[in-house]
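Take a look at the structure set out below.
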Amino acid sequence: MSSDLVARGHGALSALRPRSGEMVVVTTDEIPNYRIVQVLGLVRGNTVRARNVGRDFLAGLKSLVGGEVATYTAMLAQSREQALDRLRAEALSLGGNAVVGMRITTSTVMQGAAEILAYGTAVVVEPDL
């Protein structure tokens, strides 16, 4: 992950002190100790990933004995990070320094391919004084 800040949960937020060029991304509608001074609008980032025949074969073998399919876990984690990176880039291009209300969703676009979409609201925030 880049040097951008991604906050998860409520406890970590009070310690955040974003520096110039850093992005705060939260699933909540507000950021404790900050006020939203400008709402810039909807931002999103997505990626579409297709399955791999070699991975499918190994995953099929793994399903016989049970357990985590680590290759798919890694692929999905990489896809989520790519979608989040694209979301942050769009927010920065609008002049934002935070994204509130961030959500991640997935959908099947064709057999063997899935889209991962991250979306939220780009905002400009300032510390409460």
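Looking only at segment 22-40, decide whether some residue is at pLDDT below 90 and either in a strand (DSSP E or B) or surrounded by 12 or more Cβ atoms within 10 Å (Cβ to Cβ) (or both). Yes, the conditions are met somewhere in segment 22-40.
Listed conditions (1) under 21 Å from Asn33 (Cβ atoms); (2) modelled with pLDDT of 95 or more are all met by Leu129, apart from (2). Taken over segment 104-124, the residue count meeting the criterion of being surrounded by 14 or more Cβ atoms within 10 Å (Cβ to Cβ), closer than 28 Å to Pro32 by Cα and of a type outside the set (A, V, I, L, M, F, W, C) is 3. Take the conditions (1) surrounded by fewer than 17 Cβ atoms within 10 Å (Cβ to Cβ); (2) acidic (Asp, Glu); (3) at pLDDT 85 or above; Glu90 misses just one of them, which is (1). When the residues of segment 93-103 are filtered to those that are surrounded by fewer than 17 Cβ atoms within 10 Å (Cβ to Cβ) and not in a loop (DSSP other than H, G, I, E, B), the one that is farthest from the chain's Cα centre (by Cα) is Ser93. Within segment 91-108, residues that are aliphatic (A, V, I, L, M) have Cβ atoms under 6 Å from residues that are in a helix (DSSP H, G or I) in these pairs: Val99/Ala91, counting only partners at least 6 apart in sequence or on another chain.
Across segment 83-99, a minimum of one residue is classified as more than 14 Å from Leu42 (Cβ to Cβ) and in contact with a Pro (Cβ under 7 Å, 6 or more places away or on another chain). Looking at Ala50, Ala7, just one residue is under 20 Å from Met75 (Cα atoms) and either aliphatic (A, V, I, L, M) or modelled with pLDDT of 50 or more (or both), and that residue is Ala50.
The values are calculated or read from the model by the stated rules, or taken from the named source; none is laboratory data. Here the structure is a predicted model, which is why all the values come from computation and not from measurement. Reconstructed Cβ throughout: ideal geometry from the backbone, glycine too, with neighbour counts over all protein chains shown.
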